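Presented below is the structure to which this report refers.
The values are calculated or read from the model by the stated rules, or taken from the named source; none is laboratory data. Keep in mind that what you see is a predicted model, and the values were worked out from it rather than measured. Note: ideal-geometry Cβ built from the backbone for every residue, glycine included; neighbour counts use all protein chains shown. For the accessible areas, the whole protein counts, side chains as well, though only heavy atoms, and no ligand, DNA or RNA atoms are used. Shrake-Rupley method; radii C 1.70, N 1.55, O 1.52, S 1.80 Å.
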Amino acid sequence: MQTTVAIATIALIVHSLSAVVWVGGMFFAHQILRPAALALEPGPRFELWDRVLSRFFSWVIAAIVLILASGFAMVYGVFAGFPGIGLPIDLMTGIGVVMMLIFFHVYFAPFRRFRRAVARRDWAPASRQLAQIRVLVGINLLLGLLTIAIATSGPYWA
Ligand code: HEM
């Protein structure tokens, strides 16, 4: 019993804070930094995004590892596994996995091409790749907000 309470407490704190870092970071990048950075010339703007996204994506990778570890710790250490665990947690897991796949696609495809274009100072392809990253991060932001809405309200409607 004591162990279950300890797992639940620690895992839920780690899980929620990791979600805050990931989803809050996407909100800031997409809704605040992006419109503000549009005032910059293309060169400095792309170099800024190169530095911003490199740092942010390292945090996202750490957040994903912690979300998965703490999520599965709760599923198997607090609940009795996935069968019968309830719709909110099933939805959270499903949408969460889609968000992770989208993130790793961004990280290994458009972001990698964006960095190569910025290193060559080739602004046209850099602009195209950044536009793709913006769309995919926008989708992940909506999915992340939806997941948090489901996770927090779930106990009241499921
Ligand atoms: C991908 C695998 C995931 C698994 C297996 C998982 C599992 C869980 C579990 C078991 C809980 C505890 C629910 C309860 O005590 O009723 C939880 C809570 C939570 N999860 Fe997830 N989760 C995952 C992904 C995510 C993602 C991607 C986000 C947000 C971006 C997220 C946000 C939250 C939040 C905010 C809570 C706290 C809800 C509350 O207690 O009010 N989870 N998760």
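For region 2-157, the share of accessible area belonging to carbon and sulfur comes to 71 percent (1.4 Å probe, ligands and nucleic acids excluded). Applying the criteria of a DSSP loop state and at most 12 other Cβ atoms within 10 Å to the chymotrypsin sites (Phe, Trp or Tyr not before Pro) of region 98-158 yields no site. With protein chains left intact and a 1.4 Å probe, residues in region 116-158 average 61 Å² of accessible area per residue. Please name which of Ile89, Leu68, Val135 has its Cα lying farthest along the dipole of region 2-157 towards the positive end, using unit charges on Cβ (Lys, Arg +1; Asp, Glu -1) and the Cα centre as origin. Toward the positive end, the furthest listed residue is Val135.
Modelled spin-label separation between Leu101 and Ala62, with each label point placed 7 Å from Cα along the Cα-to-Cβ direction: 2.8 nm. On a 0 to 90 degree scale, rounded to 10, what angle separates helix 110-119 from the longest Cα axis of the chain? Roughly 30 degrees, rounded to the nearest 10. For the chain, the longest principal axis of the alpha carbon atoms and the long axis of helix 123-157 meet at an angle near 20°.
Peptide packing: for 76-82, 21-27, the average count of neighbouring Cβ atoms within 10 Å per residue gives the ranking 21-27, 76-82, highest mean first.
Put a dot 7 Å past the Cα of Ser16, heading toward its Cβ, do the same for Val75, and the two dots end up 2.1 nm apart. Placing +1 on the Cβ of every Lys and Arg and -1 on the Cβ of every Asp and Glu, with no other charges, gives the chain a dipole of roughly 680 debye about its Cα centre. Alpha carbon centre of region 112-158 versus region 18-44: separation in Å? About 10 Å separates the Cα centre of region 112-158 from the one of region 18-44. Taking each DSSP H run with n ≥ 4 as -39500 (n - 2.57) and averaging over every residue of the chain yields -29500 deg cm²/dmol at 222 nm.
In this simple spin-label approximation, Ser54 and Thr9 carry label points 7 Å from Cα along the Cα→Cβ vector, and these lie 4.1 nm apart.
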